[in-house]
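Visitor: Just dropping this structure here.
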Amino acid sequence: MACKLDRKTARNGDSENTMPILLNDFKAQWQDIASRALKAVDRVGKSGWLILGTEVQSFENDLADHWGLPFAMGCASGLDALEIGLRVIGLNPGDKVLTTPLSAFATTLAIIRAGGVPVFVDVDDSGLIDLALAEAALKADRSIKFMVPVHLYGHALDLAELARLKNSYGLKVVEDCAQAIGARSDGRPVGSVGEIAATSFYPTKNLGALGDGGALLTASPEIDRACRVLRDYGQSAKYVHTELGLNSRLDELHAAILKDALLPTLKSHTEKRRAIAQQYGNLIRNPKLEAPPRPNGSDSVWHLYPLIVDGNRAGFQNHLKINGVGSAVHYPRLISEQQALTKILPQGAPVFGPLTKAAIFANQEVSIPIHPYLMDDEVSRVIQACNSWKG
Ligand SMILES: *Cc1c(COP(=O)(O)O)cnc(C)c1O
């Protein structure tokens, strides 16, 4: 890899073996993208146009092509994309929304900001919302008409099954694709079953910007138009406000950098993540560590590489740290147990059935580094550090 030598000299003095392996390496990313990103910045500066111009439009077109959906609209964050999506598909205050307790808090926060009431069901062995339990919840409570499934860890939920639930129960769906850009389920892109796909360009995501950003994708021109009204104060024409909208615009600068410096390498970076995941799957051999299975039919993009630790999780993370390997937990506390929810749900959030498997992830999951700037010897060191843990 071209950046290899640069990276060694950049950290002069350190021997390679003592360089910590980070979960995300933004300095390595900058070395890779700097010249393209700086050219994009220069172009935007010279254009004299900073908000909602040709850079955003042009990035939106490239993103839609890349994703395989007809329309893409940039916005300020993944959180906003989810909120705008839910409002556009007709969520009204008090409507229930089926979702997962194991995700970024933003998934549920968006539901609440849109006026909805989250209803949590447990996850499956992969850590994604259990679609069989989701169906049981829909059968038990026919008033649930909305769903926000999350394609967690870069896995695609079973989209054929999601489509069946959507049709059988008359659901409107915003798919949370923040971790799963490019993932497919039996050949279908994530986000193609719901009315809307919401995604995030938070820097750690597979398509991460140099700051915050997000997008909504859809096959419907009407939905796309309605999202554009909401992202810009609810104006349908200049100074004509037909909705109570947000200020949720993707900046021209971010759009230009995403388009020129980040989107063009997403495919090869995804392949790199897949190759690392395959090595981890083949070579991590420790009876105390188990990789959760991929969902049926998922061609995953490996935003994260989760392991389930049988034993002392903090001890495992400390062992990794001593061996120079970064790690994190996704997620240590279930959303349904977050204190903030009591502000609108004083009795606690509605939960359908016990969240047994979600609790296993909350208590035993550890994510190990899988970013595209990992070098071969670093991948080997991660594997060694996992295999040498005695528990
Ligand atoms: C990151 C993330 C979000 C929120 O995106 P932001 O751009 O940080 O607002 C929502 N859902 C999931 C699953 C995420 O990983």
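Rule-based calculations on the coordinates, nothing more; no lab input. Since the model is a prediction, treat every value here as computed from it, not as a measurement. In this analysis, Cβ positions are derived from the backbone assuming ideal geometry, glycine residues included, and neighbour counts consider all displayed protein chains.
Visitor: Only four residue types carry charge here, +1 at the Cβ of Lys and Arg and -1 at the Cβ of Asp and Glu. Report the dipole size of the stretch 185-311 about the Cα centre in Debye, rounded to the nearest 20.
Guide: Once rounded to the nearest 20, the dipole reads 340 debye.
Visitor: PRE reach from N247 (point 7 Å along Cα→Cβ): which of the stretch 74-92 fall under 14 Å by backbone N?
Guide: 76
Visitor: A further question on this structure: Could you tell me the distance between the Cα centroids of the stretch 103-169 and the stretch 331-391, to the nearest Å?
Guide: 18 Å
Visitor: Something else about it: What distance in nm separates the two pseudo spin-label positions at I51 and Q279, each 7 Å out from Cα along the beta-carbon direction?
Guide: So the two model labels end up 4.6 nm from each other.
Visitor: Can I ask one more? Expressed as a rounded percentage, what relative contact order does the chain have, with Cα pairs under 8 Å and six or more residues apart?
Guide: 22 percent
Visitor: Here's another thing I want to ask about it. Would you kindly work out the equivalent ellipsoid of the chain from its C-alpha gyration tensor and give its semi-axes, the square roots of five times the eigenvalues, largest first in whole Å?
Guide: 33, 29, 17
Visitor: Taking the Cα centre of the chain as origin and charging only Cβ (+1 Lys, Arg; -1 Asp, Glu), how large is the dipole, in debye to the nearest 20?
Guide: Computed about the Cα centre, the dipole is about 360 debye.
Visitor: Positive end of the dipole of the stretch 111-152, charges at C-beta (+1 Lys, Arg; -1 Asp, Glu), about the Cα centre: which of A136, A114, V148 has its Cα farthest in that direction?
Guide: A114
Visitor: Which aspartates and glutamates does K288 reach when only Cα atoms under 19 Å apart count, and residues fewer than 8 places away in its own chain are ignored?
Guide: D125, D310, E365
Visitor: Then there is this: Taking the chain as a Gaussian network, Cα atoms linked when under 10 Å apart, which of P203, P354, P332 shows the biggest mean-square fluctuation?
Guide: Residue with maximal mean-square fluctuation among P203, P354, P332: P354.
Visitor: From the helices alone, meaning DSSP H stretches of at least four residues, give me the mean residue ellipticity at 222 nm for the chain, per-run term -39500 (n - 2.57), in deg cm²/dmol to the nearest 500.
Guide: Estimated from H runs of four or more residues: -12000 deg cm²/dmol.
Visitor: Here's something else I'd like to know. Quick one: 3J(HN,Hα) in Hz for the stretch 158-171, Karplus 6.51/-1.76/1.60 with θ = phi - 60°, rounded, Gly and Pro as x.
Guide: 5, 6, 5, 5, 4, 5, 5, 4, 4, 6, 5, 10, x, 7
Visitor: To the nearest 20 Debye, how big is the dipole of the stretch 318-391 about its Cα centre, given +1 on the beta carbon of each Lys and Arg and -1 on that of each Asp and Glu?
Guide: The dipole of the stretch 318-391 has a size of about 280 debye.
Visitor: Say we join alpha carbon atoms closer than 10 Å with springs in a Gaussian network model of the chain; which of L52, L230, L82 then has the biggest fluctuation?
Guide: Among L52, L230, L82, the largest mean-square fluctuation in the Gaussian network model of the chain belongs to L52.
Visitor: A further question on this structure: Would you mind checking K139/K343; K145/K205; K96/K343; K321/K390; K238/K259; K27/K267 for any pair whose Cα atoms are more than 23 angstrom apart?
Guide: With Cα atoms farther than 23 Å apart: K139/K343; K145/K205; K238/K259.
Visitor: Now a separate question. With springs only between Cα atoms under 10 Å apart, run a GNM on the chain and tell me which of M73, M375, M147 wobbles the most.
Guide: In this elastic network of the chain, the residue with the biggest mean-square fluctuation among M73, M375, M147 is M375.
Visitor: Once amide H atoms are built 1.01 Å from N in the peptide plane, which residues 5 or more positions from L69, or in another chain, come under 5 Å H to H?
Guide: Answer set, sorted by chain and number: none.
Visitor: Taking H as built 1.01 Å from N, whose amide H comes closer than 5 Å to the amide H of V97, not counting residues under 5 places away?
Guide: It is V117, V119, by chain and number.
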